[in-house]
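Visitor: Take a look at this one; I'll ask things after.
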Amino acid sequence: MGDGVLQGITARLRSSIRENDTLYRLGADEFIIVIENVQHKDELLEIAQRIKKDFSFPFCFADHELKIDCSMGIALSSLAEENPTNLLKCAESALRHAKDSGLGSYCFYIDGMEQENMKQAEIENQLKAALLENEFQLHYQPIVDLRAGKLVGVEALLRWTNSQLGSISPAEFIPIAERSGLIIPIGEWIINTVKDQLLEWEKLKIDLFVSMNVSSIQLKNPDFLDKFCHVISENKLNPAKIELELTESILLEQSPHITESLAKLRSLGIRISLDDFGTGYSSLTYLQRFPLNKIKIERSFITNIETQKDSQAIVSAIVAMAHKLDLEVVAEGIERPSTVGYLKQMSIDYLQGYYFSPPVVADSITQLVLGSKVESLLMAVSSNQQPNIQT
Ligand code: C2E
Ligand code: MG
Ligand code: MG
């Protein structure tokens with residue numbers, strides 16, 4: 001049957017290319033098409049689109065209908081200085097990019113892709129040993145209850161310092177950890193580290209919730225829910241002290257397993273936030289369909305809210321809608337006291353940002369709580385700041 005599939009694919013590819021083009025099978029499920037005498041890039045685009053369309057119809061083998069996708073990486077010989085080995089490398093780099101952006105797509109090679117791929121491969125390689133080498137650390141960023149005027153929780157943010165690559169931003173390594181599946185053991189380490197921290201704060205009578213970012217790969221993992229619940233029950237953690245932050249892309253997947261897991265987590269008393277709201281799809285049906293407690297408005301709407309009318313309109317609409325749906329609202333990315341002053345007038349529930357504190361090690365959070373530093377920063381706003389509200 002495997003041979004039959006390969007023959008079927010070959011037949012479709014052959015029918016999509018032109019008379020003088022050459023089709024090779026490189027091995028396994030990889031093919032190469034050499035296309036000569038190309039006057040314009042658009043000709044390649046046409047062939048790629050034709051192949052894509054041909055693969056949109058199912059393949060039929062021995063009474064089975066199979067849906068087979070293909071990804072394509074396209075490289076032009078002029079870019080590779082006429083060297084076939086380089087040309088192939090460029091096509092492979094473009095293919096990797098096409099695969100990353102979703103099955104069934106194609107991608108042209110552009111300068112620098114190879115270096116980027118090599119860097120990503122190096123990051124993945126180093127990530128594999130990072131847990132064993134103890135290279136991760138959690139930092140915590142304060143979340144302030146605006147009405148109560150106090151620090152009530154923290155967001156746990158992962159930090160990685162590697163002996164060879166130095167310190168790497170989570171925005172760079174988390175997607176690689178997700179793609180490689182390494183996010184599963186890393187996520188388990190995060191849950192355990194947060195558990196230890198919650199127990200330590202409990203001993204010190206420090207009353208904070210911890211919000212953790214979880215990715216869809218973690219939530220889809222069949223063991224996630226059991227392991228997570230086990231950590232909570234084994235250590236008698238108060239579920240009200242744990243929150244999970246999801247990004248919209250998780251909800252977009254519409255996986256019944258994810259919906260069930262979220263419902264179970266909610267029934268245990270764990271709170272769920274929708275992170276970075278306002279940038280992605282921001283579909284309002286998520287707010288209705290999923291058991292959410294909070295939405296976190298994306299930083300870009302908050303940073304200059306005092307002066308930007310568009311952001312003001314968007315944020316006040318989000319707040320009004322969220323409150324009507326019984327959802328609480330967190331504003332992320334507060335860097336100046338004037339922003340706090342402005343947001344006070346908007347009935348925002350929670351604030352988070354560099355103005356209060358960047359993400360810091362747990363001991364610094366303990367010091368912040370004991371010194372009531374965040375509360376003094378909030379007081380400073382109410383006494384000195386006369387917010388200039390534009391409506
Ligand atoms: P996020 O969850 O939206 O986290 C907020 C990001 O904004 C953090 O960046 C934080 O340091 C930054 N930030 C907070 N306040 C301010 C501010 O006032 N101004 C500015 N300019 N930035 C501010 P960070 O730590 O680099 O994390 C980036 C993203 O990486 C996170 O976005 C989250 O999506 C992901 N990430 C971080 N840690 C984890 C983790 O443990 N697990 C997973 N799955 N993702 C994580
Ligand atoms: Mg977050
Ligand atoms: Mg966020």
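The values are calculated or read from the model by the stated rules, or taken from the named source; none is laboratory data. Note that the structure is predicted; figures quoted are calculated from it, not measured. Positions of Cβ are backbone-derived with ideal geometry, glycine not excepted, and every protein chain shown enters the neighbour counts. Accessible surface areas use protein heavy atoms only, side chains included; no ligands, DNA or RNA. Shrake-Rupley method; radii C 1.70, N 1.55, O 1.52, S 1.80 Å.
Visitor: Using label points projected 7 Å from each Cα along Cα→Cβ, tell me how many nm separate GLU253 and LYS227, to one decimal.
Guide: Using points 7 Å along Cα→Cβ, the separation is 1.4 nm.
Visitor: For the range 82-182, how many pairs of lysine residues have a Cα-Cα distance under 26 Å, where the two are 8 or more positions apart or belong to different chains?
Guide: Pairs that pass both the separation and distance tests number 6.
Visitor: Can I ask one more? Can you tell me what share of the DSSP beta bridges in the chain is antiparallel? A percent to the nearest 5 is fine.
Guide: Among the beta bridges of the chain, antiparallel pairing accounts for roughly 50 percent.
Visitor: Something else about it: Taking only C-alpha pairs under 8 Å that are 6+ residues apart, what is the relative contact order of the range 2-111 in percent?
Guide: Relative CO of the range 2-111 lands at 19 percent.
Visitor: Once you've got the GNM for the chain with C-alpha springs shorter than 10 Å, pick whichever of ALA263, ALA156, ALA75 has the biggest mean-square fluctuation.
Guide: In this elastic network of the chain, the residue with the biggest mean-square fluctuation among ALA263, ALA156, ALA75 is ALA75.
Visitor: Can you give the log10 of the normalised intensity I(q)/I(0) at q = 0.14 Å⁻¹, computed with Debye over equal Cα scatterers of the range 225-348?
Guide: Treating every Cα as an identical point scatterer, log10 I(q)/I(0) equals -0.66.
Visitor: Suppose every Lys and Arg Cβ carries +1 and every Asp and Glu Cβ carries -1, with no other charges. What dipole size does the chain come out with about its Cα centre, to the nearest 20 debye?
Guide: 1200 debye
Visitor: Follow-up. Can you give the charge dipole size of the range 108-165 about its Cα centre, rounded to the nearest 20 debye, using +1 on the beta carbon of Lys and Arg and -1 on the beta carbon of Asp and Glu?
Guide: For the range 108-165, the charge dipole is close to 460 debye.
Visitor: Can you tell which of SER357, VAL5, PHE108 lies farthest toward the positive end of the dipole of the chain, using +1 and -1 charges on the Cβ of basic and acidic side chains (Lys, Arg; Asp, Glu)?
Guide: SER357
Visitor: Now for a different question. In whole Hz, with x marking every Gly and Pro, tabulate ³J(HN,Hα) for the range 218-233 from phi via Karplus 6.51 cos²θ - 1.76 cosθ + 1.60, θ = phi - 60°.
Guide: Karplus-based 3J(HN,Hα) across the range 218-233 equals 5, 5, 7, 5, x, 8, 3, 4, 4, 5, 5, 5, 5, 4, 5, 6 Hz.
Visitor: Relative to the Cα centre, what is the charge dipole magnitude of the range 156-240, using +1 at the beta carbon of each Lys and Arg, -1 at the beta carbon of each Asp and Glu, and rounding to the nearest 20 debye?
Guide: 60 debye
Visitor: If you build a Gaussian network model of the chain, linking Cα atoms that sit under 10 Å apart, which residue out of LEU246, LEU378, LEU26 swings the most?
Guide: LEU26
Visitor: Also, I was wondering about something else. Against the longest alpha carbon principal axis of the chain, how many degrees, from 0 to 90 and to the nearest 10, is the axis of helix 2-16 turned?
Guide: With rounding to tens, the tilt is 80 degrees.
Visitor: On to the next question. With N set to the residue count of the range 2-111, report its C-alpha Rg divided by 2.2 N^0.38 Å to two decimal places.
Guide: Working it through for the range 2-111, the quotient is 1.07.
Visitor: Using label points projected 7 Å from each Cα along Cα→Cβ, tell me how many nm separate THR279 and ASN83, to one decimal.
Guide: It is 3.8 nm.
Visitor: Tell me, in nm to one decimal, what length is gained between ARG289 and ALA313 on full extension, where the rule is 0.36 nm per residue of separation less the Cα-Cα distance?
Guide: That works out to 6.2 nm of additional length.
Visitor: Something else about it: Sum -39500 (n - 2.57) across every DSSP H segment of at least 4 residues in the chain, then divide by the residue count to get the 222 nm mean residue ellipticity, nearest 500.
Guide: Helix contribution divided over all residues of the chain: -14500 deg cm²/dmol.
Visitor: Another question, if that's okay. Taking a 18 Å limit on the Cα-Cα distance, which of the listed pairs LYS195/LYS241; LYS205/LYS264; LYS236/LYS294 fall beyond it?
Guide: Over 18 Å apart, Cα to Cα: LYS205/LYS264; LYS236/LYS294.
Visitor: On a C-alpha basis, how far is the centre of the range 311-386 from the centre of the range 33-96 in Å? Whole number, if you could?
Guide: So the separation of the two Cα centres works out to 50 Å.
Visitor: Let me know the shape class of the range 279-391, please: from the alpha-carbon gyration tensor, a ≥ b ≥ c as square roots of the eigenvalues, rounded when a/c is under 1.5, otherwise prolate if a/b is greater than b/c, or oblate.
Guide: The shape class here is oblate.
Visitor: Quote the FRET efficiency, to the nearest 0.05, computed for GLN137 versus ARG179 with a Förster distance R0 of 22 Å and r equal to the Cβ-Cβ distance.
Guide: So the FRET efficiency works out to roughly 0.45.
Visitor: Another question, then. Under a point spin-label approximation (7 Å from Cα along Cα-to-Cβ), what is the LYS203-LYS128 distance to one decimal in nm?
Guide: 3.7 nm
Visitor: Set the Förster radius R0 to 51 Å, insert the Cβ-Cβ distance between THR161 and SER347 as r into 1/(1 + (r/R0)^6), and round the FRET efficiency to 0.05.
Guide: 0.80
Visitor: When the chain is modelled as a GNM with alpha-carbon springs shorter than 10 Å, which of ILE33, ILE183, ILE123 fluctuates the most?
Guide: Ranking ILE33, ILE183, ILE123 by mean-square fluctuation puts ILE33 first.
Visitor: Which log10 I(q)/I(0) values does the range 123-383 give at q = 0.09, 0.14 Å⁻¹ under the Debye formula, counting every alpha carbon as one identical point scatterer?
Guide: Calculated log10 I(q)/I(0) at the listed q: -0.40, -1.02.
Visitor: Something else about it: Between the helical axis of 170-180 and the dominant principal axis of the chain, each derived from Cα atoms, what acute angle in degrees is found, rounded to the nearest 10?
Guide: Between the helix axis and the principal axis of the chain, the angle is about 50 degrees.
Visitor: Taking the Cα atoms only, what angle lies between the long axis of helix 84-100 and the longest principal axis of the chain, rounded to 10 degrees?
Guide: In the chain, helix 84-100 runs at an angle near 40 degrees to the longest axis.
Visitor: Then there's this: With all protein chains present, how much of the accessible area of the chain (probe radius 1.4 Å) comes from carbon and sulfur, to the nearest whole percent?
Guide: Within the chain, the accessible surface is 51 percent carbon and sulfur.
Visitor: Antiparallel DSSP bridges in the range 2-111: what percent, to the nearest 5?
Guide: 75 percent
Visitor: Can I ask one more? State the extension gain, in nm to one decimal, for the chain segment bounded by THR22 and VAL34, taking 0.36 nm per residue of separation less the distance between their alpha-carbons.
Guide: Extra length from THR22 to VAL34 when fully extended: 3.8 nm.
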